[in-house]
Number of protein chains: 2
Amino acid sequence: MTEWQERLAARLEAARGDRPADLLFRGGNLVNVFTGELDAATIAVYDGMVVGFGERRADEIVDLGGAILSPGFIDGHVHLESSLLAPVEFARAVLPQGTTTVVADPHEIANVAGILGVQFMLDTSEAIGLEVFFMAPSCVPATPMETAGAELTAADLKVLARHPRVLGLAEMMNFPGVVHGDPAVLDKLEVYQDRIIDGHAPLLSGAQLDAYLCGGISSDHECTLLEEAREKLAKGMHIMIREGSHSRDLHALAPLVTARAAHRCMLVSDDCHPETLLEHGHMNRILKRAADFGIDAITAIQLATHNTARYFGLRSLGAIAPGYQADIVILRSLESLQVVRVYKKGKLVAEEGECLLPKRITEAKTQLLTMNLEEVTEEELHIPVQGQRLRAIRAVPKTLITGEEIVEVKDHLGRAVSDPERDLLKLAVIERHQGSGRKGLGFVEGFGLKKGALASTVAHDSHNLVLVGVDDSDMVTAANRLRELGGGLVAVSDGEVRAQLPLPVAGLMSAASLEEVVAQTREVNQAALSLGSVLEHPFMVLSFLALPVIPKLKLTDRGLVDVERFAPVELFV
Amino acid sequence: MTEWQERLAARLEAARGDRPADLLFRGGNLVNVFTGELDAATIAVYDGMVVGFGERRADEIVDLGGAILSPGFIDGHVHLESSLLAPVEFARAVLPQGTTTVVADPHEIANVAGILGVQFMLDTSEAIGLEVFFMAPSCVPATPMETAGAELTAADLKVLARHPRVLGLAEMMNFPGVVHGDPAVLDKLEVYQDRIIDGHAPLLSGAQLDAYLCGGISSDHECTLLEEAREKLAKGMHIMIREGSHSRDLHALAPLVTARAAHRCMLVSDDCHPETLLEHGHMNRILKRAADFGIDAITAIQLATHNTARYFGLRSLGAIAPGYQADIVILRSLESLQVVRVYKKGKLVAEEGECLLPKRITEAKTQLLTMNLEEVTEEELHIPVQGQRLRAIRAVPKTLITGEEIVEVKDHLGRAVSDPERDLLKLAVIERHQGSGRKGLGFVEGFGLKKGALASTVAHDSHNLVLVGVDDSDMVTAANRLRELGGGLVAVSDGEVRAQLPLPVAGLMSAASLEEVVAQTREVNQAALSLGSVLEHPFMVLSFLALPVIPKLKLTDRGLVDVERFAPVELFV
């Protein structure tokens, strides 16, 4: 007998009752995702697998006293990088919330570090309690208007396709490229023609949507309108209803989940900021939100377990039944959805909100040190006056969309400088991947800083170094501090660092725990407020000022971009 | 651009409306399997694919005047051999009934001709209009109590697994072997561990069922009781509700199909006798039966299209939507379920019950000539008297179960012979695969023949040559006629062949059309009746007298088998 057969033979013995099970759950109520019913159940587990329903001998008996047995929650679409946590810490954060599996799109780290970044995520997400599958990032770089750290070609994607935890091609954001048959996009679609290809097609409709679907795209998580989701569902897309930290669509899409259409829907987070994870949880938070919007708890659990597992072809996940992996969440009740205990492959991994796995450090040597730039000098940030008026970006709270304002230049010795009186602040984006020294300079309104500077290496989608400040000297201090740290967020004033959140993993992720990351996030935000910021999430706004795919005016390392015209524009008008 | 990309690019053009579609269906009502609703729809087809919903330019416009557009029907479990038709003729028979795809288990031909028989089915089902997928036969031979024509080992099954139209491992009939971890069964399960494994587990329940599921088996088509099906569904099995020519379970299982559990159910035929196909149809017949038992038509269609395609991972089948293969059935109405037209990959293949594909002959040279036995002589059939009483099989109408009777021997010159006065007839099973000359001899009650003999090479599961008769001479004539024909069914009296159905393809299938096969079937049955048979389906009863897995007493080429004791027994008592 092979090892596989010996293992199966032992499981069969436990299933038959001829060998004691490892665990027996008694007195629970099972969320049966096949029938959609709640059944009183006794569940036997052996060697990480559910081996049977009903009484059996067992080494350990857990009396549930009427608690709920749910399959472990699955997040079908998440960018781990948004949590600022390395995979091992993300796992520690979400396991106690009932999440046992995620399907991640490592799009952010791929923009910084390419296939090595994706490989890092694969390596550091192996055997961490949480089961982490990946979709291969489809659109790196996102645009030619900025300098990303890397490119993922169809050949790279072919290499990734062979990894056993890569399930398909991640959200195909370049929907015009699919619809119009862009050759580079067709290359990628061909590589993944027999695999799952996730979509990303906000408001795409009619014949354009039809063409997108003909390209082989089978899901969408960007629906924000009920009618939009209805069209996509009727045309065969699996609808991932997103309820992230930032983008939240349940309020609009909950009515989509009818008895007849629920089988085509999933619940996903897309992005999870560390504060959300700490204060509200992960998929358990989303399940509660679903209940708030009138989706019954059993259906919501189906959308966060069985439906997702079936969509991705994860045959042994998403249900509690003989032959399924024993990924089990014990909930106090269906009403509270409160997570009491979490079992992964039959092992107790979390209890009453605490992760029971031993601490593991994301090793510095495996971290991606990606701050490839020379020390920044004040001179680099100088903007010689070339006219009396310039075009400034207007930051708008709670949206990624910006405005464009034509304003008078403040001239200081022939240089255009910040004018906090008018809330006009200097903005810089410095290329940090290739050591090119390339930078874009401009101005932003609406930040509110009265002094000092803020800097970040989280800057979508290319994650260059972005700086905003009243004072060139503080901006330089901020930039160089991040250079030393390997990336992160920092607030500086009067030549001193006031607070910092180091993100040494590719300039995107911390190696610290969720609690530490949240504490540091609060410190840098508090520091930004004390410098006068009028924004609720100043670093988040900063991180999107460099994203040249959302209107109107953005700044990249190549200069200002008029997104509506998808063309570079001059600073001075 | 690769050829694949050029083809996709052209489809995208048609989807966008930048190139005329091939076909546009206007004025139809679409069975939307995603939403479970009926929607007024305009559907565009290009290059075999549905490319969009809504108006577009098209080379041909079909006005449906309110008719129904349904996805092509899929039979998820069928033994093509039961139809007695070679694949190309089966296709001609079922395409006009709306079936566009089947998943076949070539278990019968595998028992006769092993991997070559399966390869024959693969070869002759290529490009025949009907799309034919296969499951690799899991249990060949069925038992060690008889001589099959071949064995399929785990190594053979591994070879089959690589064929692009082999989807998984066919019904695992050896459920005791799974439950108890029989090493040869574990070998097969290991080869198919990441593939679909269909089940076959009549009345299996409790811990035994749990163990079976731990083996990786994911469906069952043998449920005959509602409670049985409920347990299996709740434990994660996909339930294939069978409504074949012989075994019909819809009456019992229809209540299983609730709004919440329908997604786990399918409709399948398992076996389709030629008369059923000609007189009542294929999946369209089963859909009508489902309606008779209160399943609404749209749900029934989901069970015969979308659910089956998803279970087998056939991503572009089972729905009418952009990016799906254009397998479309036009129905007069949901009430009548009458098939008007059938499109396969966008081509009209049947209209008003007529197959429009050009006739194709199953070539004699590719047929499997499997009658490997010497000419049969009367002497071989002689049974020297060795006692005064013998154990006779009792044939029971309308069931596969037989009885055992102890009866007085009729002694003629020291030989035990038939006694039509007492309806006691000689029965013989002659090994026909290996030329071994091995034979089993016995007697059967309940056939009713007054003279002559019947013979068949369809004899489950090993399909040896089975003979029943009043007269040794007629039995020999019958046997040798089948030897000449390469197999089939034959009725003989007074030294003359009265009727015959030649089955030259492995002794199981005809090369003729459905109409011819039905005519010949009626002739042999009529001839059997005229010889005195009191059975409604004498050849079907005959074909199961050699099946040593269903109680009580059966005859194989190795002699009489007491199935309850699973042991050989002597003829004379």
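The values are calculated or read from the model by the stated rules, or taken from the named source; none is laboratory data. Keep in mind that this is a model prediction, so the values were computed, not measured. Glycine gets a Cβ as well: all are built from the backbone with ideal geometry, and neighbour counts include every protein chain shown.
Descriptive notes on the structure:
- Among the residues of the stretch A:374-403, the one identified as hydroxyl-bearing (Ser, Thr, Tyr) and loosely packed, with under 12 Cβ neighbours inside 10 Å is A:Thr399.
- A:Met371 passes every criterion in (1) modelled with pLDDT under 95; (2) farther than 30 Å from A:Ile109 by Cβ apart from (2).
- Sole exception among (1) in contact with a Leu (Cβ under 8 Å, 6 or more places away or on another chain); (2) under 16 Å from A:Tyr343 (Cα atoms); (3) of a type outside the set (D, E, K, R); (4) surrounded by 24 or more Cβ atoms within 10 Å (Cβ to Cβ) for A:Val50, by number: (1)
- In this structure, B:Val376 does not qualify as within 30 Å of B:Ala136 (Cβ to Cβ) and either part of a loop (DSSP other than H, G, I, E, B) or modelled with pLDDT of 95 or more (or both).
- The single condition among (1) at the interface with chain A (Cβ under 10 Å from one of its Cβ atoms); (2) hydrophobic (A, V, I, L, M, F, W, C); (3) under 36 Å from the mean Cα position of the chain (by Cα); (4) crowded, with 18+ Cβ neighbours inside 10 Å that B:Val31 does not meet is (1).
- Within the stretch A:170-186, the only residue that satisfies the criterion of being more than 11 Å from every other protein chain (Cβ to nearest Cβ) and either aromatic (Phe, Trp, Tyr) or on the phi > 0 side of the Ramachandran plot (or both) is A:Phe175.
- Cβ-Cβ distances below 6 Å connect the following pairs, each with a first residue in the stretch A:118-142 that is among the aromatic types (Phe, Trp, Tyr), a second residue that is in a loop (DSSP other than H, G, I, E, B) and at pLDDT below 95, and a separation of six or more residues or different chains: A:Phe120/A:Leu368.
- Condition check for A:Arg195: in contact with a Leu (Cβ under 8 Å, 6 or more places away or on another chain) and in contact (Cβ under 8 Å) with a residue 40 or more places away in the chain: no
- Just one of the listed residues (A:Leu256, A:Leu314, A:Leu303) is farther than 18 Å from A:Gln338 by Cα, aliphatic (A, V, I, L, M) and surrounded by 21 or more Cβ atoms within 10 Å (Cβ to Cβ), and it is A:Leu256.
- A search for C-beta distances below 7 Å between a residue of the stretch B:1-24 that is at the interface with chain A (Cβ under 7 Å from one of its Cβ atoms) and under 14 Å from A:Val178 (Cβ atoms) and any residue that is charged (D, E, K, R) and assigned to a helix (DSSP H, G or I), counting only pairs 6+ apart in sequence or on different chains, returns B:Gln5/A:Glu190; B:Ala15/A:Asp210.
- The number of residues in the stretch B:187-204 that are among the aliphatic types (A, V, I, L, M), assigned to a strand (DSSP E or B) and more than 10 Å from chain A (Cβ to nearest Cβ) comes to 1.
- Of the set (1) closer than 17 Å to B:Ala201 by Cα; (2) at pLDDT below 95; (3) of a type in the set (Ser, Thr, Tyr), all apply to B:Ser138 but (2).
- Residue in the stretch B:72-87 that is surrounded by fewer than 19 Cβ atoms within 10 Å (Cβ to Cβ) and either touching a His at 6+ places or on another chain (Cβ under 6 Å) or at the interface with chain A (Cβ under 10 Å from one of its Cβ atoms) (or both) present: no
- Candidate set from the stretch B:293-340 (those that are part of a loop (DSSP other than H, G, I, E, B) and hydroxyl-bearing (Ser, Thr, Tyr)); member that is farthest from the other protein chains (Cβ to nearest Cβ): B:Ser336
- Considering the stretch B:205-282, the qualifying helices (runs of 4 or more DSSP H), each wholly inside and each with 3 or more residues that are more than 9 Å from chain A (Cβ to nearest Cβ), run over B:226-234, B:250-253, B:274-279.
- When A:Glu151 is tested against (1) surrounded by fewer than 20 Cβ atoms within 10 Å (Cβ to Cβ); (2) within 23 Å of A:Ala86 (Cβ to Cβ), only condition (2) is not met.
- The set of residues in the stretch B:269-283 that are surrounded by 24 or more Cβ atoms within 10 Å (Cβ to Cβ) and closer than 18 Å to B:Thr224 by Cβ comprises B:Ser269, B:Asp270.
- Filter pass, A:Leu390 being assigned to a loop (DSSP other than H, G, I, E, B), among the aliphatic types (A, V, I, L, M) and in contact (Cβ under 8 Å) with a residue 40 or more places away in the chain: no
- Check on B:Val444, of a type in the set (A, V, I, L, M, F, W, C) and assigned to a helix (DSSP H, G or I): no
- Options B:Ile115, B:Ile43; residue that is β-branched (Val, Ile, Thr), over 14 Å from the mean Cα position of the chain (by Cα) and closer than 25 Å to B:Leu337 by Cβ: B:Ile43
- Residue that is farthest from the other protein chains (Cβ to nearest Cβ), among those in the stretch A:40-58 that are small (Gly, Ala, Ser) and outside any strand (DSSP E or B): A:Gly48
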